[in-house]
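A short worksheet on the structure shown next.
The values are calculated or read from the model by the stated rules, or taken from the named source; none is laboratory data. Note that the coordinates shown come from a computational prediction; the quantities given were computed from them, not determined experimentally. Here Cβ is always computed from backbone atoms with ideal geometry, including for glycine, and neighbour counts include all displayed protein chains. The accessibility values were calculated without ligands, DNA or RNA, using every heavy atom of the protein model including side chains. Shrake-Rupley method; radii C 1.70, N 1.55, O 1.52, S 1.80 Å.
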Amino acid sequence: MIPDDFELELTLMRLVTERGADKTVCPSEVARALGGPHPDGWGPLMQPVRRQAVRLMKEGRIAILRKGKVVDDPDDFRGIYRLSLPR
């Protein structure tokens, strides 16, 4: 069962807040917190986590980073990324 948007947002915000300023969270950490340790549980959550991350970045509540730098366009980035509180 895929968690609803509210639960995804709460978990994502909790993890980046607990990690603190200048530290990052891997999106898979968010997915694992909700779906458990097995890839069958957390794997399907990666896209919903990404959608929430994009929305929250647009709202200015988190930052999406690639190679240590905030992405220019949250709607158009590829590859491995990390999540953090805004700097």
Can you compute the FRET efficiency between Lys58 and His38 using 1/(1 + (r/R0)^6), with r the Cβ-Cβ distance and R0 = 30 Å? Round to the nearest 0.05.
0.45
Over the chain, calculate the relative contact order: mean separation of alpha carbon pairs under 8 Å at least 6 apart, over the residue count, as a percent.
33 percent
Report Asp4's accessible area, 1.4 Å probe, all protein chains in place, as a number in Å² to the nearest 10.
90 Å²
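Kindly state, as a whole number, the per residue volume in cubic angstrom of the convex hull around the alpha carbon atoms of region 1-84.
Values: hull volume 7.4 nm³, N = 84.
About 88 Å³ per residue, rounded to a whole number.
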So how much slack lies between Asp76 and Met1, counting 0.36 nm per residue of separation and subtracting their Cα-Cα distance, in nm?
24.2 nm
Unit charges at the beta carbon, dipole of the chain: most positive-side option, Trp42, Pro74, Ala31:
Pro74
Convex hull (Cα only) mean projected area of region 46-87, reported in nm² to one decimal
2.7 nm²
